[in-house]
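Structure record follows, encoded as structure tokens.
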Amino acid sequence: MWYEILKKDLKKRKGINIILLVFISLSAAFLSSSASNIYFIANGSNTFMEYSNVSDVMVFLSMDKEKERFEDWLGTREEITEFDYESLCEIKVNQIHLIKKKSSDSAERHEFVNQGPTNLYMGYAGGTYAKPLDDRGNELVLKEGEVAFTANTVYDNDLDLGDEIEITIGDKTFRYKIAVQCKDIMYGNEFSGMKRFVFHKSDYERMLSVKENPNIVYQYGFNTKTIEDTVSSMNKQGFSSLMITITRDMYKLLYVFEMIIGGLVMVIGICLILISLMILRFSIVFTLEENEQEIGVMKAIGMRNFSIQKIYIFKYLVLVTVGVVIGFGLSLPVGRWMLDSVSQSMVLGKTNLMFLIHIVCCITLILIVESMCILFTNKLKKISAVEAIRYGEKGERYSKRKGLRLHAKKHMGTIAFLGLNDVLCNKRRYIVLLVTFCISFVLITIPLNTWSTMNSDEMISKFDLNTESAVYMNKIEKQEDSNYHYVGELKEALKRVEQELANQGYKASLSTNAFYFQEWNISGQEDETVKVLTNYLVAAKEDFYEYSEGDAPILENEVAFSKKVMEKNNLHIGDTVTTKIKGEKKSFLITGSYTDYMQLGESARLNREVNMDDEIMSGYGMVMVDMDTDLTQKELADKFSKEFPAYNWYTGSEAIEVNIGSIKETMKAMQIPMTAMLCILIMLITVFMIKLFIVREKGQIAMLKSIGFQSWHIRLWIAMRIMWIVLLSMMISIPLSMLTNHFVLSPIFKIMGAELKIQVEILQAYVIYPLILFAGIASAIFIATIHIRKIDSKDMANVQ
Amino acid sequence: MCVLKATNLCKTYVVNKRQNNVLRNVNLEIQEGEMVGIMGPSGSGKTTLLYTISGMDKATAGTIEFYGKEITKLTGNQISDIRLKKMGFVFQQMYMLKNLSIYDNIILPAFQSASNKSERKEINERAKVLMAKLGISDVAENDISEVSGGQLQRACIVRSMINNPNIIFADEPTGSLNKQNSYEVMKELNKLNEEGTTIMMVTHDVKVASRCERVCYIEDGDIRDEMKLGKYTDALAREREQNLNQWLMKLGW
């Protein structure tokens, strides 16, 4: 009997059942593949660390003058069980060329593409810590003449194994064959900000021997019993050339970003489950309403509630199982594809548990949906036999009639009235549509608003750049120059570039931020210091920084700290802090505080009067070019790129991109697939709801046709219901989107270091993209209501 | 004047590759102001004739003329327009929109056909008069589930009248009503006919059919015979019923 009922039902509600099946299949596929993705990456980072022999702490010394003192200090610490180092040689983009093979006997020479503000290093295979691994996760072994690249470098430059790299050092050129795509735990991840080309040790030494003072960085690794204490003690030693400190936990953080895609897919999967459950509820409620008379008859002849309920539970069990099986089938290739993209850059360990994880997720989904099915079909218990036979009507009413009065509407068209009246009479029925539309309209604004905010002047100023500058540039060292360590070298370089510009007829003044990792003593206690990235404006005519409280530090003994540093260290404007400059302790008065994105919002700003000539810089920021021009930043950046190809020229928004990596472009790239996905989602929901309405109201439609309503009137009637909901959801989603900006986007930007006014592109966020979704809804209405043409007077038998 | 004329009307349904000829060359004329009853055994094609002749269903062959205009050649939308403005329908089941009150259900087809908004006032007036005439003014604001079957059927009759149709088609209008309600509904239909409205009605009930001016007997998809009873009067009701009964018995009813 069950089989017959099921067969009849599946045939009768083909469209509705197919949509439910699609949602359940997608939910199962997305949930399973994202769960396995997150599981393997979370566990994989441990495996990767183990295979790469990651040390508890890794530090980078930028100069060898402190090497001996550092090693002495390492030797004195009892908790440090072992340590070792290897050297890396910094290399510039213009020293590298690629020779890509076109065919067996021809090749093309290309410039090297380096995405983002990444430092490039040459290293060698065979180090002790953070070892590069081959594609199978084994320790990398290279022959002389070979080089290994990480996946992101291969991808950015569209390389193949067998292509060659040409490195120019001084007047000598070296050529190596790309032999392996390696997995490098530290340098293979774009968030580390460093890339390494791995050579055979003898090749590496040969290249180093060419130049008298190669730009060497020492990578020290050491294992310790107490990581925090050792790092704290190390910071107190005042090693001025200590650039970066990476502890074991940070590696995991580097690969957390790899889980973002998995996380996003999981969120989509959970959203789809919620939507599936809403659809399921509506499907069940409609089916029960439609079958009320049959239920009444079954009850009247003495069938128990559960016996009737079983029929529906069985139907949805079959539907969910089929959906989950399809979803499981889809989840395996999707899961493998997601892991494949990650496994290019990290060692994931054994992934044979994938099958099991997917099965567990699918079974969980079946259990969730079936429990909900039991819950929703409990409504059936409330239907009495008489009530059911009367189609749920008791013939009693104690409250005011629902809906509107047609005769009272003087100006509204009949069809628009019918649509609105239906919505008002059955508000709960339309909530699912309202919620989905609102979510879609709000979701679509998130990447748009994020992108607009990231492009705003406020964002540029939060990276301590002057928004008024004509154009920006970075890396002004000449090919033969080492990295600048002192502000004097930087000032000279700025003057040199100014001169180069002047030679071509451009009168410009250049300025930049020099960065120091300055140790500030905040409590007056000798050993309690905090290392804070300290900005020092070089060659700027005026201080363009903005302050949220207090004033800019102007005098030689004044300083400003970011709000985060002030709060973290309980500092206030007017407090005095000390730091060592030229080896002498100097006191500074805090005059102001601000928020910015430098070092995740933890920085200090020195006045321009203090003499920093003898302090070692840790680096410098974007160079701001100020000049009188009618050209836009884009036009000027393009013009200078042609006239001064030795330098990289950027607009303000491109300068941000250099600082924050590809997130901004990712946001922009997400917009179209996200719009498409949301469009498909709302189209499916709209088709589903309309199909349900048509099944339920077939008799009423037939009656309207019989009394002279045309098919298009009825299609318009159904369309009007959806349109009222679209209109309402658009109205609701504007304040909702503002709330999302405030409670979702603002905190995200705050995590990065500073509060920011979320920028809204009104035309795009509230007109263009909602209109795209609206077009999707309109097409769904058109498709779903085509069937109305086939309903005729004979279908009046279904009227209730 | 001839309101409706069916010539050699055929309707064939195909069920499981089997042809079922429900109407076979039916010829029927209905004059203005006439009240015609269609009787016949179950499955004889009564309802199909009503649906086909009113343009709700498509004829397989033959022609239907409405005031001399051949509606079988019109498009679906044109026929719908005629049904909306010039025809009224009363069905056995009281089909109405669930989310509208009785009053709004009544005025719905008129509001839909109104060419301008100013007509709405006139429609409201007409609806009130018709409802008062059929005694359902006090249930105007009720939901359709809050009135009796008789009241609902009278509301359906008012709805069928709201556009001042040239003809009303009634399919078993008393089929789901008790004796008292049937009497009231038929009384109203007779009143409408007296006022000049043409009515074509399908029924099983001899008592109901005896109120018609002319009764056609349909069997196996063809009109086998017809009986002229003349205009209805209460005084001759019993005699009409007896005559009709005898005639039907002769035909094998």
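Annotations for the structure displayed:
- Considering the range A:394-413, the residues that are in a loop (DSSP other than H, G, I, E, B), surrounded by fewer than 16 Cβ atoms within 10 Å (Cβ to Cβ) and of a type outside the set (Lys, Arg) include one that is modelled with the lowest pLDDT, namely A:Gly395.
- Being surrounded by fewer than 16 Cβ atoms within 10 Å (Cβ to Cβ), part of a helix (DSSP H, G or I) and modelled with pLDDT of 80 or more holds for only one residue in A:Val325, A:Val386, A:Val334, and it is A:Val325.
- Checking B:Ile64 against (1) more than 7 Å from chain A (Cβ to nearest Cβ); (2) in a helix (DSSP H, G or I); (3) modelled with pLDDT of 90 or more, the condition it does not meet: (2)
- Residue match in the range B:68-83 (condition: in a loop (DSSP other than H, G, I, E, B), more than 26 Å from A:Ile694 (Cα to Cα) and within 12 Å of chain A (Cβ to nearest Cβ)): no
- Here A:Ala702 fits the description: touching an Asp or Glu at 6+ places or on another chain (Cβ under 7 Å), at pLDDT 85 or above, in a helix (DSSP H, G or I) and not β-branched (Val, Ile, Thr).
- When B:Tyr95, B:Tyr51 are checked against the criterion of being within 7 Å of another protein chain (Cβ to nearest Cβ), of a type outside the set (A, V, I, L, M), part of a loop (DSSP other than H, G, I, E, B) and crowded, with 22+ Cβ neighbours inside 10 Å, a single residue qualifies: B:Tyr95.
- Residue match in the range B:115-128 (condition: assigned to a helix (DSSP H, G or I), within 30 Å of B:Asn21 (Cα to Cα) and among the β-branched types (Val, Ile, Thr)): no
- Looking only at residues of the range B:130-142 that are within 14 Å of chain A (Cβ to nearest Cβ) and either more than 11 Å from B:Tyr103 (Cβ to Cβ) or assigned to a helix (DSSP H, G or I) (or both), we find that the one that is modelled with the lowest pLDDT is B:Leu130.
- Applying the criterion of at least 2 residues that are aliphatic (A, V, I, L, M) to the strands (runs of 3 or more DSSP E) found wholly in the range A:67-179 leaves A:80-91, A:96-103, A:119-124, A:146-150, A:164-169.
- Of all residues in the range A:720-742 being farther than 15 Å from A:Ile439 by Cα and surrounded by fewer than 21 Cβ atoms within 10 Å (Cβ to Cβ), the one that is nearest to the other protein chains (Cβ to nearest Cβ): A:Trp724
- Residue satisfying all of: in the range A:414-426; facing another protein chain (nearest Cβ under 9 Å) and over 23 Å from A:Leu288 (Cβ atoms); surrounded by the fewest Cβ atoms within 10 Å (Cβ to Cβ) among these: A:Ile415
- Residue within the range A:651-659 that is part of a loop (DSSP other than H, G, I, E, B) and not acidic (Asp, Glu) present: yes
- Tally, over the range A:427-482, of residues that are modelled with pLDDT of 85 or more and within 14 Å of another protein chain (Cβ to nearest Cβ): 2
- Some residue of the range B:100-114 being within 21 Å of B:Ile167 (Cβ to Cβ), surrounded by fewer than 16 Cβ atoms within 10 Å (Cβ to Cβ) and of a type in the set (Gly, Ala, Ser): no
- Only residues that are buried (at least 21 other Cβ atoms within 10 Å of the Cβ) and under 15 Å from the mean Cα position of the chain (by Cα) were counted across the range B:198-212, and they come to 10.
- Restricting attention to the range A:744-793, the residues that are more than 14 Å from chain B (Cβ to nearest Cβ) and farther than 27 Å from A:Leu434 by Cβ total 10.
- Taken together, B:Met186, B:Met161, B:Met200 contain a single residue that is in contact with a Lys or Arg (Cβ under 7 Å, 6 or more places away or on another chain) and either of a type outside the set (Val, Ile, Thr) or at pLDDT 90 or above (or both), which is B:Met186.
- Listed by first and then second residue, the pairs linking a residue in the range A:761-785 that is touching a residue at least 12 places away in the same chain (Cβ under 8 Å) to a residue that is part of a helix (DSSP H, G or I) and among the charged types (D, E, K, R), with Cβ atoms under 7 Å apart and 6 or more places separating them unless they lie on different chains, are A:Ala784/A:Lys691; A:Thr785/A:Arg715.
- Residue within the range B:111-128 that is under 21 Å from A:Gln710 (Cβ atoms) and under 16 Å from the mean Cα position of the chain (by Cα) present: no
- The residue that is nearest to B:Arg211 (Cα to Cα), among those in the range B:4-37 that are in contact with a Phe, Trp or Tyr (Cβ under 8 Å, 6 or more places away or on another chain) and surrounded by 23 or more Cβ atoms within 10 Å (Cβ to Cβ), is B:Met35.
- Check on A:Ala502, surrounded by fewer than 14 Cβ atoms within 10 Å (Cβ to Cβ), in a helix (DSSP H, G or I) and either modelled with pLDDT of 85 or more or within 41 Å of the chain's Cα centre (by Cα) (or both): yes
- Filtered by the rule that a residue be hydrophobic (A, V, I, L, M, F, W, C), part of a strand (DSSP E or B) and either modelled with pLDDT of 80 or more or at positive phi (or both), the range A:220-249 gives A:Phe222, A:Ile246.
The values are calculated or read from the model by the stated rules, or taken from the named source; none is laboratory data. Since we're looking at a predicted model, the values are computed, not measured. Glycine gets a Cβ as well: all are built from the backbone with ideal geometry, and neighbour counts include every protein chain shown.
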